[in-house]
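Throughout, read-outs are computed from the coordinates displayed, never taken from laboratory work. No experiment lies behind these values; they were computed from the predicted model shown. Because the Cβ atoms are built from the backbone with ideal geometry, glycine has one as well, and the counts that use them run over all protein chains shown.
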Number of protein chains: 2
Amino acid sequence: MKIDLLITNCVLLPCPGCDTMLAPAFIAISGSRITQIGPMAECPVTEIRTHLDGQGQLAMPGLINGHCHAPMTLFRGMADDLALTTWLHEHIFPAEARHVSPEMVYWCAQLAAAEMLLGGVTTVADGYFLEDVVARACAEAGIRCVAAQGVIDFPAPGVADPALNIEAAQCFLEQWQHRDPLITPAVFAHSPYTCSNQTLVRAKELTRKYRASLFIHVAETREEIHQVANPLAATPIRHLDALGLLDRDTVCVHCAWADDQDLDILAERQAGVVVCPQSNLKLASGRAPLLGMLERKIRVGLGTDGAASNNSLDMFREMGMAAKIQKISPCDPVAVSAARILAIATSGAASVLGFGPGHGLLAPGSPADLIFIDQQQPHLQPFHSSNLLVYSAGAADVRTVIVNGQLVVRNRELLTINLQDVMNQVRRLAVAS
Amino acid sequence: MKIDLLITNCVLLPCPGCDTMLAPAFIAISGSRITQIGPMAECPVTEIRTHLDGQGQLAMPGLINGHCHAPMTLFRGMADDLALTTWLHEHIFPAEARHVSPEMVYWCAQLAAAEMLLGGVTTVADGYFLEDVVARACAEAGIRCVAAQGVIDFPAPGVADPALNIEAAQCFLEQWQHRDPLITPAVFAHSPYTCSNQTLVRAKELTRKYRASLFIHVAETREEIHQVANPLAATPIRHLDALGLLDRDTVCVHCAWADDQDLDILAERQAGVVVCPQSNLKLASGRAPLLGMLERKIRVGLGTDGAASNNSLDMFREMGMAAKIQKISPCDPVAVSAARILAIATSGAASVLGFGPGHGLLAPGSPADLIFIDQQQPHLQPFHSSNLLVYSAGAADVRTVIVNGQLVVRNRELLTINLQDVMNQVRRLAVAS
């Protein structure tokens, strides 16, 4: 078979979390798939379209950002060190009412895509308004995106009449189904406190019909328990369960205040979870019981959340925080190891987002979504173990990024879109805000 | 006056924590001092030796790493996800017994210095064995260093007979007093559980005589309370106080388990504190009561600790963690703001380390220790506030570094030492380990 892209002489981490590294190694890609990996001694000699020398670089599956609101880069650093309720109602919702437009969503989502690609994120699960614009921005930037159209019971950008929010989501699913290999359409119901029971149930029915994922913010803050309009449900997660919302295709985002019974329910229903430790900390929302989730074999991914609450989309920083924050109480250093976090941020997240089993691994047959880390940096010396990817590597160590078999970043240069232009556009929009 | 170095057209953050930015601005340096700052309209026209264009860059005081063991870069990632006691006694102490030599200390300290300079750290407070070698390595690399000779009641590298540990420290103070403008010698008593009362008292007497700082790890873990050989002292900090060790020139490192009475004592004695949140979390030691310290106006700095327990020496990542971890319990998002953390990592730390009032600021008369952040990065768009330096910037965003008036890093190139050679040497030592 013809090889479209061959990478030679790299260090290979085929399965993050397994900590088995192979060096020197090669990776062969044909079309959008990895066809072969192995030691250099077995490197194929055949017709090769593009060859990259991976000397001094570690190849690993691309990171998966399990939860983001890409267009919110416009609000990065606009309102820091505030509690979620104040931040959301006094700053973010008003700013969104003033500034969210197709133009804003396009440029700010491209900025987010650029930041993520340059930081080694090859797949993002995004949820926002005007998500068709986000999907277009991401497809052009070359990042794989599970793009979820926002559903909320308020007038929202693109959906002035909330009574039409499910119809708008359906249009979006219709529009993006099978349209672009990088885009998987989905639905994002904002939360149990901003969506009525009827809206939640209709959103789930819609995603079932289209075999799409349903994302929802749930149990983000302690106060949320009092905000859910269901006196029969003791917690927001039990509220969702009572409505029949929890199954394998539902992704519960945050779950910072999931109690043991909630976790049992999530496990029983096989629902997926995405935790966002940095955003939860910055908004003083809490800390998700990641250990309890893993003990119950709940599928878990890791997300940055939007740039307004993080304030970066750096999944390396997120991994470091996720590992360290779990060790604080109970004081248990092995609670969640660096290797476990690497698995969560790659193959674990892929499963949560509904991708097949090869996604998030470097193996023959896997989608060719991979990144190369420059190991020749002082903070990565000596490279005793892949734990350094969690505890010392950063977004800027990513040199080369391949998504769906396409070279998207080469030697830290973004090849798909004009980054300078995107930054200029976002700055212009920010000055106007 | 002749200007040795003039930087023009930059954005200026003269006083991190104040959040007052000036742009476009200039900075004039003569010898080792800043002589003038101001808006470009007032930029002096005079004889200038070197001119740098700061367009697109933010100038701020260099970061101060308040606690490090520079040579421990050799052990980076060697033993992760372990509790402090296991980590120290089963991994680190044995590895140190096998590997610490003047050669190891020299190359590994240079690696640390390179990593820190490239990450915007212009001053480090280091404590290790063979600290004269660390001091030499740092002076050559061009980083300002409060170099503290380690004192411990075990046979240690360079001091085979622990009965001579105070004499060795005295030799070190003698040797480095007034020798190099970048090096301030000091003493580092390892901890109250590895130093006898007599050793602690003698170490303090020595530093008093030389007007030097005394550093000590204290209250790092909950167990430490049982390890201190003083049945009359309820806590390690009260133990140090009973021995008369606490004053303005004592720097208590960690204090993760300082209780309210301990904090009152630290405030009363005007002792300084350095907190190391990432190391404390990774070793599951605990979390320092930073808010209680600030409420009592205790002088506080921030440190990475050594690379073996962090595993990076990235003060940006440390600042992000320090701000976020304080918000978790009680759930208070304004507990410690990003601005406060910026002040702690610059002028706050300078005060703890005994530097004069201009240190850690960009002001006429301040030592010319400053860094330039590349604002033209996607994760720093839009730059709504200097909070982004804490919540989104990373070590790799540092473009240019000036220490004591000397250009040390220019366009991310380390000008002082051969980084490739240093990395090769450390890799060679690591393979042998």
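Values computed for the structure shown
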read-out	value
Region A:1-141, dipole about Cα centre (Lys/Arg Cβ +1, Asp/Glu Cβ -1), debye to the nearest 20	340
Once the Cα gyration tensor of region B:319-433 is diagonalised, semi-axes √(5λ) in Å	28, 21, 17
Closest approach to the axis - chain B beta-carbon, rotation onto A, Å	B:Ala396, 2
Exam field: B:Ile48 pseudo-label spacings to other copies (7 Å along Cα-Cβ), nanometres	4.9
Projected label distance in nm at A:Thr50 and A:Lys2, using a 7 Å step from Cα toward the beta-carbon	1.5
Amide H within-cut-off set for A:Gly119, under 5 Å, with H built and near neighbours excluded	none
Angle between chain B longest axis and helix B:197-210 axis [Cα atoms, degrees, rounded to 10]	30
Charge tally in the Cβ shell below 9 Å around A:Ser329, where Lys, Arg are +1 and Asp, Glu are -1, A:Ser329 excluded	+2
In nm, spacing of pseudo-spin labels at B:Asn230 and A:His178 (7 Å Cα→C-beta vector)	7.7
Per-residue [θ]222 nm for chain A (sum of -39500 (n - 2.57) over DSSP H runs n ≥ 4, rounded to 500)	-8500 deg cm²/dmol
Estimated vicinal HN-Hα couplings, Hz - region B:22-29 in sequence order (Karplus 6.51, -1.76, 1.60; Gly, Pro = x)	10, 7, x, 9, 10, 9, 10, 10
Top positive-direction residue, dipole computed over region B:63-352 with Cβ charges, set B:Gln326, B:Cys68, B:Thr250	B:Gln326
Among A:Ile7, A:Ile373, A:Ala97 - extreme Cα towards positive end, dipole of the protein assembly as shown, charges at beta-carbon	A:Ile7
Among A:253-260, B:300-307, the order from most to least packed when residues are scored by Cβ within 10 Å on average	B:300-307, A:253-260
Filtered trypsin sites (Lys or Arg not before Pro), region A:365-433: DSSP coil and at most 15 other beta carbons within 10 Å	A:Arg412
Low-density loop positions, GluC sites (Glu not before Pro), region B:175-236 - DSSP coil, at most 15 other Cβ in 10 Å	B:Glu223
Estimated vicinal HN-Hα couplings, Hz - region B:407-418 in sequence order (Karplus 6.51, -1.76, 1.60; Gly, Pro = x)	6, 10, 10, 9, 6, 6, 9, 7, 8, 8, 10, 8
Rounded tilt (10° steps) of A:419-431 against the dominant C-alpha axis of chain A	20
From phi via Karplus (6.51, -1.76, 1.60), per-residue ³J(HN,Hα) for region A:400-405 in Hz, x at Gly/Pro	9, 9, 10, 10, 6, x
Reach of B:Lys327 by Cα under 28 Å, taken over lysines that are not fewer than 8 positions away in the same chain	A:Lys282, A:Lys324, A:Lys327, B:Lys282, B:Lys297
Peptide A:334-340, shielding by other chains (average Cβ, 10 Å cutoff)	3
For A:Asn9, inter-copy label distances in nm, listed shortest first [label point 7 Å out on the Cα-Cβ vector]	3.8
Average beta carbon contacts from partner chains per residue of A:411-421, 10 Å cutoff	1
Range of Cα positions in chain B per principal axis (Å), largest first	65, 47, 40
Shielding score for B:316-325, defined as the mean number of other chain Cβ atoms within 10 Å	5
Nonlocal amide H pairs with A:Val274, under 5 Å, H built at 1.01 Å	A:Cys252, A:Val253, A:His254, A:Gly301
Chain A: Cys lacking any partner C-beta under 4.7 angstrom	A:Cys10, A:Cys43, A:Cys68, A:Cys108, A:Cys171, A:Cys195, A:Cys252, A:Cys255, A:Cys276, A:Cys331
Order by protection proxy (mean Cβ within 10 Å, highest first), peptides A:184-193, B:141-150, A:159-168	B:141-150, A:184-193, A:159-168
Other-copy label distances relative to A:Asp264, 7 angstrom Cα-Cβ extension, nm	4.5
Built amide H within the under 5 Å cut-off of A:Ala189, gap 5+	A:Val151, A:Phe215
Rel. contact order, % - alpha carbon contacts under 8 angstrom, at least six apart, chain B	21
